[in-house]
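Working notes for the structure below.
What follows is calculated from the coordinates using simple rules that are stated; it is not laboratory data. This one's a predicted model, so the numbers in the text were calculated from it and none came from an experiment. Neighbour counts run over all protein chains shown; Cβ positions are idealised from the backbone, glycine included.
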There are 2 protein chains.
Amino acid sequence: MTVNIKRLNASQNDFDSQLATLLAWDDSVDHQVNESVRHILHQVKTRGDEAILEFTEKFDRLNVDSVAELEMSQNRLQQALRAIPEDQRVALEQAADRVRDYHERQNQKSWQYQDEDGTVLGQKVTPLDRAGLYVPGGKAAYPSSVLMNAIPAKVAGVGEVIMVVPTPDGVVNDLVLAAAAIAGVDRVFTVGGAQAVGALAYGTETIPAVDKIVGPGNIFVATAKREVFGTVGIDMIAGPSEILVICDGKTDPDWIAMDLFSQAEHDEQAQSILISPDADFLDAVEASINKLLPTMERADIIRTSMTDRAALIQVTDLSEAAKVSNRIAPEHLELSVEAPEALLDEIRHAGAIFMGRYTAEALGDYCAGPNHVLPTSGTARFSSPLGVYDFQKRSSIIGFSAKGADRMGRVASVLARGEGLTAHARSAEYRIQNDE
Amino acid sequence: MTVNIKRLNASQNDFDSQLATLLAWDDSVDHQVNESVRHILHQVKTRGDEAILEFTEKFDRLNVDSVAELEMSQNRLQQALRAIPEDQRVALEQAADRVRDYHERQNQKSWQYQDEDGTVLGQKVTPLDRAGLYVPGGKAAYPSSVLMNAIPAKVAGVGEVIMVVPTPDGVVNDLVLAAAAIAGVDRVFTVGGAQAVGALAYGTETIPAVDKIVGPGNIFVATAKREVFGTVGIDMIAGPSEILVICDGKTDPDWIAMDLFSQAEHDEQAQSILISPDADFLDAVEASINKLLPTMERADIIRTSMTDRAALIQVTDLSEAAKVSNRIAPEHLELSVEAPEALLDEIRHAGAIFMGRYTAEALGDYCAGPNHVLPTSGTARFSSPLGVYDFQKRSSIIGFSAKGADRMGRVASVLARGEGLTAHARSAEYRIQNDE
């Protein structure tokens, strides 16, 4: 059963509308989910621990007497770290080191300067007091995700990182706990779903309220995060994952096919797109896809994803490829070409850019250093990878000298009166013509 | 008629709950507004210009034949700049210069580094292609707001800044247009409300889609922004404005009263709070409030705001004042004390911090340099003033050498297999043990 992958050609008249159809993604709200999430959040907000216990029994079939029993000790995390295979522990530690090293370069410093009047202006950068990290349970429990979400928070100087992870029927994922130990997560509660988001947003008797909630989750978790936004900060609401590969036709087609698969295996909605000026190469990659697909463990997911959402796009040249890429603003962009640096200048929007034939996206997903939490569905047009900056905020500093207040008070007075705000004007005018 | 202002004392047992009550702000969604906004957005999304014309006729009573007629030319903006009084033009220009100078220091640079394998890692910073700026019409039309929203976008290097501003019954505010000219706004459309937000988010035949929408607006505009978030970026959804003054009791009580008024005059929901260790000073400020209130042009608004939402809080010392301030995470924080630098270290959360007795908040609102668009309702715990960084985004750069891909591919392989993602593993493994 061969996979039929869509073919598009950028020089066709209707290419723009074909591309729009390919990229269309329905993120409309499910009202039943919404209702259910609002109910859960309201219960957690008003009844605290009691509600957490009820929902955890209902959804995860865990029957305990207190939320304190749902907390995992640091000893338990260390135990998980000792329990996992040596090669996995070493790999997690190597990945964590590289992620930490990269993110330290994102640290922002406070700054101040003085103008000629002696007036001080500046920007003070401070970390959040507390961050909450949602980690999915079950099949989609990814230790790499724990590293990618927790390490930037710790590098930013967040006082306390609190992780929540569901353990349905008490099933614990030691790799996830080991990653939490390596990343330096401060506290772990085995609570999941909208109830965990509610606990982090509002706080309960046992689970402290945080200032921002990050991390992936299912539709209930995503809806809950959207709902509590404003009470706390949230990271992005992610759509399905995507990869866009631009190839000059000189990379091994098997490599490219596997790179496309690495995105497609995430889920049926994941999107894999290849752009090349070389029509024969597109054929060769399609042949590789059909050759390799039967050998894949997640062949069914990959087949559905490739059939429904993948595309091979022919362009005139690499410059046109860059233009199409900018239209898409992909989450992951592989520049599998001879001179990626030259092409980089033409790329305006992408979550992460993988330069050259050796840079498989999978390397970035785990251990290159940069974050794997990236803007999806074209949101790279206006948003950024998760980073240290997501766990810091800025305060403006303004310190007027008497002389500066005199001089700028006159300007403020004119503008405030122009806007009809006379208390503003008079407040500024009090500081004018002082006799110091 | 004296104003009765709430008095709180931080050493009272129930202070925490009293403070929580004082700060409580109902931002629950109005379902009728929601319905109406969704309808407008859907019409604009599906019918474009035609819908814009209909809604503009309905809400602003402007009857034109095409959306092109709703665009204001650069000539018209320059005409406004010539039409306003000289002192206002000069004040706007001085304010714009200072705002530009401050914001240029927020510009972020791309960076790259190479590790020992020759692997390149970095972060590429790029501006948004297009930003949309909503400016309210009528009474709340503030030229300072045009400067504060447009200048950071231009400093960030945004390609095109598109302003929308309603002109109900054709009434145009020349100060606002003059500010647009000074700030370098690229295009102006006299469209407002949810229909303007829809036009900026989805684009119409005449109004181009943008990547991010910023700027204040009424409940319809705020609801529409929340609704289109994801399709485009948005700035914060602002709550009522607030000021917190910490005073050691040595500032002229009239100054402090007027500083509190400058917040209270915005609207009835605005919040003004004074914290001092000096009970007599709290009395003196209350006396000043009652003395000055009858002299204020917006006395009714101020009276309601001060009665409903203001408070005078007594603390033991300035350190306790800082603690209470961190609980509040105020939008504006005045440190009206002898040694503001010493207190600054204890301040963890605030939108903007005004240092010393001469630094009236009003100076910051207009012309100090830092932005006056600030996080409200305690969101300074996790968010920042509007800045150049809001109009830029980052892309991670990853470029593995053959040697680096070999080394890190092994790590990725172990982790990917640990997560059951074998396409990821095989994609990395293709790059291992190459013979180059």
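On full extension, the segment bounded by B:ASP14 and B:LYS291 gains 96.6 nm, given 0.36 nm per residue less the C-alpha separation. Measuring between their Cα centroids, segment A:372-436 and segment B:208-236 lie 21 Å from each other. Quick one: pull the percentage of alpha-carbon pairs in segment B:62-167 with a separation above 21 Å. The proportion of pairs with Cα distances above 21 Å equals 53 percent. If one puts a single equal scatterer on every Cα of segment A:161-240 and applies the Debye formula without solvent, what log₁₀ I(q)/I(0) results at q = 0.27 Å⁻¹? Calculated log10 I(q)/I(0) at the listed q: -1.41.
From the label point of B:SER319, set 7 Å from Cα along Cα→Cβ, how far away are the matching label points in the other copies, in nm, ordered shortest to longest? The answer, with the shortest distance listed first, is 6.6 nm.
Over segment B:31-234, calculate the relative contact order: mean separation of alpha carbon pairs under 8 Å at least 6 apart, over the residue count, as a percent.
Working: 364 pairs, mean separation 58.6, N = 204.
The value is 29 percent.
In this assembly of identical copies, the label point of B:ASN75 (Cα plus 7 Å along Cα-to-Cβ) is separated from its counterparts by 8.2 nm, sorted shortest first. Each copy carries a label point for A:SER110 at 7 Å from Cα along the beta-carbon vector; from one copy to the others these points are 3.2 nm apart, nearest first.
Legend: calculated FRET efficiency, A:HIS31 to A:SER110, from the Cβ-Cβ distance at R0 = 51 Å, rounded to 0.05, equals 0.70.
Just round it to a whole percent: the fraction of Cα-Cα distances in chain A exceeding 27 Å. Value for chain A: 61 percent of Cα pairs lie more than 27 Å apart.
Averaging the sequence gap over all C-alpha pairs within less than 8 Å and six or more residues apart, then dividing by the number of residues, gives chain B a relative contact order of 20 percent. The calculated FRET efficiency for the pair B:ASP101 and A:ASP345, based on their C-beta separation and a Förster distance of 41 Å, comes to about 0.90. Taken over the alpha carbons of segment B:166-323 as equal point scatterers, the Debye sum produces base-10 log I(q)/I(0) values at 0.18 Å⁻¹ of -1.02. Each residue of segment A:118-132 was assigned a 3J(HN,Hα) from its phi angle through the Karplus curve 6.51 cos²θ - 1.76 cosθ + 1.60 (θ = phi - 60°); the sequence is x, 7, 9, 10, x, 9, 9, 9, 9, x, 5, 5, 9, 10, x Hz, with glycine and proline shown as x.
Derived scalar couplings between HN and Hα for segment B:35-47 equal 4, 4, 5, 4, 4, 4, 4, 4, 4, 5, 5, 8, 10 Hz in order, rounded to whole Hz, by the Karplus curve 6.51 cos²θ - 1.76 cosθ + 1.60 (θ = phi - 60°), x for Gly and Pro. I'd like the antiparallel share, as a percent to the nearest 5, of DSSP beta bridges with both residues in chain A. DSSP beta bridges in chain A are roughly 30 percent antiparallel.
Under the shape rule built on the C-alpha gyration tensor, where the axes satisfy a ≥ b ≥ c, segment A:309-367 is prolate, since a/c reaches at least 1.5 and a/b is greater than b/c. Summarising the rotation from chain B to chain A, the nearest chain B beta-carbon to the axis and its distance in Å are given as B:TYR389, 4. Scanning chain B for trypsin sites (Lys or Arg not before Pro) in DSSP loops with at most 11 neighbouring Cβ atoms within 10 Å leaves B:110-436 as the longest stretch between them. Neighbouring Cβ atoms from other chains, within 10 Å of the Cβ of residues in A:372-380, number 3 on average. Taking the alpha carbon gyration tensor of segment B:31-234, multiplying each eigenvalue by 5 and rooting it gives semi-axes of 31, 24, 14 Å, largest first. Annotated for segment B:31-234: lysine pairs at least 8 residues apart or interchain, Cα distance under 24 Å, count 14. Computed per residue of chain B from DSSP H runs no shorter than four, each worth -39500 (n - 2.57), the mean residue ellipticity at 222 nm is -13500 deg cm²/dmol.
Mean partner shielding of peptide B:345-353, defined as the number of other chain Cβ atoms within 10 Å of each residue Cβ, is 5. 3J(HN,Hα) couplings calculated from phi for segment A:187-203 with the Karplus curve 6.51 cos²θ - 1.76 cosθ + 1.60 (θ = phi - 60°) are, in sequence order, 9, 10, 10, 8, 10, x, x, 4, 5, 5, 4, x, 4, 5, 6, 9, x Hz; Gly and Pro show x.
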